[in-house]
Amino acid sequence: MKEISCKLLVIGAGPGGYVCAIRAGQLGLDTVIVEAGKPGGTCLNIGCIPSKALIHAAEAFEQARARAGGDDPLGISAAAPGLDFGKTVGWKDAIVSRLTSGVAGLLKKAKVKYVQGHARFRDGKTIEVETETGQQIIRAENVVIATGSAPVELLSLSFGGRVISSTEALSLADVPQKLAVVGGGYIGLELGTAFAKMGAKVTIVEALPRILAQYDAELVRPVSKRLAALGIDVLVGAKAKGLPSKGDALLIETADGKDRKIAADKVLVTVGRRPVTDGWGLEEIDLDMNGRFIRIDDRCRTSMRGIYAIGDVTGEPMLAHRAMAQGEMVAEIVAGHRRSWDKRAIPAICFTDPELVTAGLSPEEARALGEIKIGMFPFSANGRAMTKQGEDGFVRVVARADNHLVLGIQAVGQGVSELAAAFGLALEMGARLEDIAGTIHAHPTQGEAFQEAALKALGMALHI
């Protein structure tokens, strides 16, 4: 097979990789992207998008079941609904197909050459790709490693059979009657909540003292309240030990040191994700590492000249939008532009019920830098939240006490994921409390809670 030479080679067509390749193509760079699976990577195929589709379907089914109970405050009644889960999964797969096809079209439009196969380094400038038609050699002046991440597997609960990762959870044939979720982080709670709404009896097993440990307790409290209302059992300080020799169950050690069996048709393990740093010839190029991750600088350069790394393979936060921003930046650097990583905030969202959003510093992190002001406004005082039956939660703004520079913004509530852009923009532009308070926020919207939180921090709240 004839060798290919290019200015830029991107390994991995996930969000970071395909954005990097598209931008490079737009800038006139001769670009090749290599992907073993479908374009879009984990996010589009087996992560962000399909999970949100199932979450939406679960919410719709739960609302229909509630109305069938005859106690709907809106006065809506309906017959008991049914759930054709196969059809639900088919709808989810159709969305994924549309998006992955869209990415392929965008790459083609940008004149990026797409090579499907498994890439492996021969040296810092040469990659061999095992394709369906044989081995393809690619020589590149610059290489971007965008190989992403994969679910962490526990020694006591290896994937297979009844033990599944988030990948298999998104393509089950049926909703399990009893589901045990090992790991109380965002992936476990998002999927566990969705399956509970679709009728599964869900138990969350978390080794730490509380769920969603990366968020402060005040922010998590409405989520914990909702889990209880859904009948989800949450066991904190508990450790999964494995599967018993007989019966459909999960063996755990409780917080008080006692062994216990949790009935489970399926055991979903969501204890984190690991960078994909094996299988593509890392040993041939000997890059400096930062623990399990590839070490990079503020331009995403690795320790080897001409090799860049972006996304999950470079460490936390392992978020698709971080990878996309890195990919765009690297493409422009390779094209000769002066760029470096200067982002003030990377918003993070947990699509639980209610949703969580954080951007910038938490109150605890901000206090470590000096005196601060905090303003919090509850959705129970927000008209739009009331009309959506979503009064649980709040918006919180954290700012410096001396000059009122906003350091962090957090929210928990129904649909607050859509406020993430406003939060990120405020931090990126260096907003002060007066800027947010002085901006006209449309009424009636949940976004008004953002303005009111800033007013509260200034001691001038209007609606509370």
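The values are calculated or read from the model by the stated rules, or taken from the named source; none is laboratory data. Just so we're clear, the structure is a prediction, and the values are computed from it rather than from any experiment. Every residue, glycine as well, gets a Cβ built from its backbone with ideal geometry; the counts of neighbours run over all protein chains shown. The accessibility values were calculated without ligands, DNA or RNA, using every heavy atom of the protein model including side chains. Shrake-Rupley method; radii C 1.70, N 1.55, O 1.52, S 1.80 Å.
Odds and ends about this structure:
- Placing unit charges on the Cβ atoms of the charged side chains and taking the dipole of the chain about its Cα centre, the candidate lying farthest along the positive direction among Q26, P81, G281 is Q26.
- Straight Cα distances below 13 angstrom link K92 to the aspartates and glutamates D84, with same-chain residues fewer than 8 positions distant left out.
- By the Kirkwood approach, averaging reciprocal distances over each pair of separate Cα atoms, segment 270-418 gets a hydrodynamic radius of 18.2 Å.
- Residues of segment 303-337 with amide N under 15 Å of a point placed 7 Å along Cα→Cβ from N290: 303-304, 308-319, 322-323, 326-327
- Under 15 Å from the K239 label point (7 Å along Cα→beta-carbon), backbone N, segment 260-276: 260
- Comparing V398, T42, C6 along the charge dipole axis of the chain, the residue lying farthest to the positive side is C6, per the Cβ-charge model.
- Dipole moment magnitude, nearest 20 debye, the chain about Cα centre, only Lys, Arg, Asp, Glu C-beta charged: 520
- Accessible surface of segment 139-260, 1.4 Å probe, proportion on carbon and sulfur as whole %: 53
- Across all Cα atoms of segment 138-201, the radius of gyration (one decimal) and Dmax (whole number) stand at 16.3, 54 Å.
- Residue-normalised convex hull volume from the C-alpha trace of segment 59-191: 221 Å³ per residue.
- Protein heavy-atom accessible surface, 1.4 Å probe, per residue over the chain: 46 Å².
- Gained length - E434 relative to I137, 0.36 nm times residue gap less alpha-carbon distance: 101.2 nm
- Exposed-site-free run, longest, the chain (rule: chymotrypsin sites (Phe, Trp or Tyr not before Pro); DSSP loop; at most 14 other C-beta within 10 Å): 160-340
- Whole-Å semi-axes of segment 1-45's equivalent ellipsoid (Cα gyration tensor): 19, 14, 6
- Rounded to the nearest 20, the size of the Cβ-charge dipole of segment 374-452 about its Cα centre is 60 debye, with Lys and Arg at +1 and Asp and Glu at -1.
- Potential lengthening between F159 and D84 on full extension [0.36 nm per residue; Cα-Cα distance subtracted]: 24.4 nm
- Alpha-carbon centroid distance for the pair segment 403-464 / segment 58-133, whole angstrom: 32
- Length gained when the stretch A229-A381 is fully extended (0.36 nm per residue, less Cα-Cα span): 52.5 nm
- If R0 is taken as 35 Å, the Cβ-Cβ distance between R210 and H118 corresponds to a FRET efficiency of 0.30.
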